[in-house]
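Some notes on the structure that comes next.
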Amino acid sequence: MTAFLQAFAIIVGTEGGLTTNPADAGNWTGGKTGAGECKGTCWGISAASYPHLSIATLTLEQAQEIYRRDYWTKIHADDLPAALALLAFDSAVNNGVGQAVRWLQTMAGTTTDGAMGPVTLAKVRALIAREGVDAVCAEYLALRLMFMAALPSWHTFGLGWARRLCRLPYQARTMTETT
């Protein structure tokens with residue numbers, strides 16, 4: 001199984017099916033609680049990110065296509081070790097591609113423009129060679145946790161987010177380095 005399919009299975013297993021919690025800004029087509037229509041989130045695909053999509057009828061196959069095109073490919077996950085690819089992929093899905101890449105760039109000491117390019121990849125690979133993939137993954141998760149804990153909605157959703165972040169290193173260990 002490819003790294004993408006392994007990561008997709010992990011994330012979709014966490015995201016689950018349709019939810020329409022009106023307290024979740026991602027469920028609203030306007031991206032804010034009460035803004036637009038509350039269409040919900042399905043398989044992690046939110047009305048806020050895809051306001052013109054029929055969230056309630058979204059199939060798992062359609063979600064997989066969106067995940068590959070809009071998240072996995074944009075962060076160049078195939079060019080990362082499987083464990084780090086999972087962490088960055090999960091971040092891209094939940095915090096946005098630009099933010100997921102900025103955490104990689106921060107760790108690698110390169111310009112934090114949110115665009116994954118050859119300079120970022122080279123510096124991330126050098127960091128992994130120097131520090132090891134486990135240390136890089138731990139630092140990545142620490143940066144993400146600090147960011148998420150500072151969000152205003154942490155008091156509502158923080159425990160669930162923390163559980164998700166704490167599970168990721170264990171899930172990453174199950175991934176194989178196939179492409």
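Side notes on the structure shown:
- Residue among LEU84, LEU141, LEU104 that is within 25 Å of GLN64 (Cα to Cα), touching a Cys at 6+ places or on another chain (Cβ under 6 Å) and at pLDDT 95 or above: LEU84
- Residue count, segment 16-57 (criterion: part of a helix (DSSP H, G or I) and touching a residue at least 40 places away in the same chain (Cβ under 8 Å)): 1
- Scanning segment 94-146 for residues being surrounded by 16 or more Cβ atoms within 10 Å (Cβ to Cβ) and hydrophobic (A, V, I, L, M, F, W, C) gives a total of 17.
- Of residues in segment 164-179 being basic (Lys, Arg) and closer than 14 Å to ILE11 by Cβ, the one modelled with the lowest pLDDT: ARG164
- Filtering segment 107-119 to residues that are among the β-branched types (Val, Ile, Thr) and over 18 Å from the mean Cα position of the chain (by Cα) leaves THR110, THR111, VAL119.
- Residue check, ALA48 under 28 Å from GLN105 (Cβ atoms) and either modelled with pLDDT of 90 or more or under 15 Å from the mean Cα position of the chain (by Cα) (or both): yes
- Filtered by the rule that a residue be without any contact (Cβ under 8 Å) to a residue 24 or more places away in the chain and of a type in the set (Gly, Ala, Ser), segment 58-93 gives a lone residue, ALA92.
- Tallying residues that are surrounded by 17 or more Cβ atoms within 10 Å (Cβ to Cβ) and in contact with a Gly (Cβ under 9 Å, 6 or more places away or on another chain) within segment 29-39 yields 1.
- Those residues of segment 1-15 which are at pLDDT 95 or above and in a loop (DSSP other than H, G, I, E, B), in sequence order: none
- Looking across segment 7-28, the residues that are of a type outside the set (A, V, I, L, M, F, W, C) and surrounded by fewer than 19 Cβ atoms within 10 Å (Cβ to Cβ) come down to GLY13, THR14, GLY16, GLY17, THR19, THR20, ASN21, PRO22.
- For GLY158, the criteria (1) of a type outside the set (D, E, K, R); (2) closer than 27 Å to THR33 by Cβ; (3) modelled with pLDDT of 95 or more hold in every case but one, which is (3).
- Qualifying residue in segment 137-153 (condition: part of a helix (DSSP H, G or I), of a type in the set (S, T, N, Q) and either without any contact (Cβ under 8 Å) to a residue 12 or more places away in the chain or farther than 24 Å from ASP79 by Cα (or both)): no
- Output for segment 152-174, where each listed residue is surrounded by fewer than 18 Cβ atoms within 10 Å (Cβ to Cβ), among the aliphatic types (A, V, I, L, M) and touching a helix residue (DSSP H, G or I) at 6+ places or on another chain (Cβ under 8 Å): ALA162
The values are calculated or read from the model by the stated rules, or taken from the named source; none is laboratory data. Predicted model only: the values in this text are computed from it and were never measured. Here the Cβ is made from the backbone with ideal geometry for all residues, glycine too, and neighbour counts use every protein chain on show.
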